[in-house]
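In what follows, a single structure is set out as structure tokens and then discussed.
None of the figures in this text is laboratory data; all of them are computed from the coordinates on show. Predicted, not measured: the structure shown is a model, and the values here were computed from it. Reconstructed Cβ throughout: ideal geometry from the backbone, glycine too, with neighbour counts over all protein chains shown.
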Amino acid sequence: MPESGSVPTEEVLHVISSNTPFRALAAQLLLASLAITGCSFPTSEFHLGDASRADVADVPGQDVPGLDVLDVPIADVPIADVPGLDVLDVPIADVPIADVPIADVSIADVLGTDIPVIDATGTDASDSGRAADASDVPPMCPTRAQVYCFDGCVDTETSASHCGRCGNRCAFANAAASCAAGTCLLGACMRGFDNCDGNAANGCETNLLTDINNCGACDTLCRNYVNGGTSECAASVCVPTCNAGYDNCDGNAANGCEVSLNSNLNCGRCGRPCTTNCGTGGTCTGVAPGSYLQTSYRFPGPSFIDACAVLGHTTHLPNLDDDSVRIPLPFAMRSWNAIVPINTQINITSNGWLSFDGVALLNYFGMIPDTAAPNWLVAPYFTDLFTSATGVCVATIGVSPSRRFIVEWADAVFLSDRTRHVTFEAILNESGLIEFYYDTMAPPPTPQNVTIGLENQTGAAGVVVCNPANPCTIGTGARLGYMVQ
Ligand SMILES: [Ca+2]
Ligand SMILES: [Ca+2]
Ligand SMILES: [Ca+2]
Ligand SMILES: [Ca+2]
């Protein structure tokens, strides 16, 4: 047996020669080794391998340590590095947690049942940002019956500003409006308007003041009247427009223009009678120019006007027995056969009469006609009076050419019996008409000493109603009118 590790040279060469892949390498290694060392070595000292790792190819005693194929280290084959699966050197995959938004579970948007939350801008979050409406019942409203409408909590069942829903304001033309059960209701119509078509949507659409088909009330027609042409609705009253020569003297539209102005009772105008005949053009025939004819009044018709209540009136002669004042006539007018100029000084006395002559007399007793002064009298109640604290009120009403100059003795008393009060007036009309109206009249003391009527410029002629020689009864509500011819 050779010593362990000892390989004879001829055996090494045999291995080399018998193993082609290693033959050149081994020879080169051996020769290089010999050349480096420059010496010879005993083959028994030549060990490269471990004799204990003998394998089937190894022939004991012939194995060359270090060149045995079995001594080739096993190749280090790394485990394939599969990214994402290698638990050692691949970072753990960053698996984000699924970003699942919280579902917007909004309650069904049913009017009146939706309960969103109103944010600071007035939109509700659960309704995807739509504007707040009547269905939104924010928790800040004190009761379920209320909803938040822009500026506060309201009950849309009854709110006229938010009726049925926010912002639905109830409004109707010419009418009030209310809200009930969430529905706008037409309220009372404004004065002068009505809901004639029954359609609430357009409110009270009809003007009762001027509509000739709804004059004063729905379906009240202003028709074409007898002796009249077109008609109009004025202040809710049908006013016939009369043909020439006719007039609506009774003020009743229903019978139209019932009066011919070519008649003895209404000659030329309503209430102007002729004692003789009414001629062509509405003038009385057979009457001397400058005469007065008594006017027959229609009822209802002109009546007492309280001059003391007329805006712009003046008061004169308070708390006096016998006195007078001069007031200018505000317009020209015919009296008898003369034209009394504008601004003529009218003499007004405390004793129930005035005169056109302007003479400052203050008589408390007189006859008509009488050529003695005073003359040219207008005497509604000529007697000895004592005026009240108000005295005599003077006012002018109407517009040209129909102005009226009113002189009212307000609450005077008889000097001989101051418990008896009288209020009466004379009205001078721009047309020449002179009227007397008696408001409240206590009977005069006896013996009666009252003169009522007109007197001309000279006192030679007059219109006599009463005088001391011919007493008459003029009581409360009486009215007299005289139209100059
Ligand atoms: Ca209507
Ligand atoms: Ca009539
Ligand atoms: Ca007197
Ligand atoms: Ca006289």
Residue by residue, what Karplus-based ³J(HN,Hα) values in Hz, rounded to whole numbers, does the stretch 335-343 have, using 6.51, -1.76 and 1.60 with θ = phi - 60° and x for Gly and Pro? 9, 6, 9, 10, 9, 7, x, 4, 6
Gln345 versus Asp417: modelled label distance in nm, points set 7 Å from Cα along the beta carbon direction: 3.7 nm
Separation of the Thr230 and Glu157 label points, Cα + 7 Å toward Cβ, nm: 5.4 nm
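Report the full-extension gain for the segment Gln294 to Arg169: residue separation times 0.36 nm, less the Cα-Cα distance, to one decimal in nm.
38.6 nm
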Sorted from fewest to most neighbouring beta carbons within 10 Å, what does the list Thr295, Thr230 look like? Thr230, Thr295
Taking amide H positions as placed 1.01 Å from N in the peptide plane, with prolines and chain starts having none, which residues 5 or more places from Gly432, or on another chain, fall under 5 Å of its amide H? Arg334
Given 0.36 nm per residue, what is the gain on full extension from Ala460 to Phe150 after removing their alpha carbon distance, in nm? 102.8 nm
Arrange Asp247, Asp322 by Cβ neighbour counts within 10 Å, fewest through most, would you? Asp322, Asp247
Rg(Cα)/(2.2 N^0.38 Å) for the stretch 307-484, N = residue count: 0.93
Restricting attention to the stretch 188-259, which chymotrypsin sites (Phe, Trp or Tyr not before Pro) occupy a DSSP loop and are surrounded by at most 16 other Cβ atoms within 10 Å? none
What is the order of Val399, Val226, fewest Cβ neighbours within 10 Å to most? Val399, Val226
Given R₀ = 45 Å, FRET efficiency for His313-Asp197 by Cβ-Cβ distance, to 0.05? 0.45
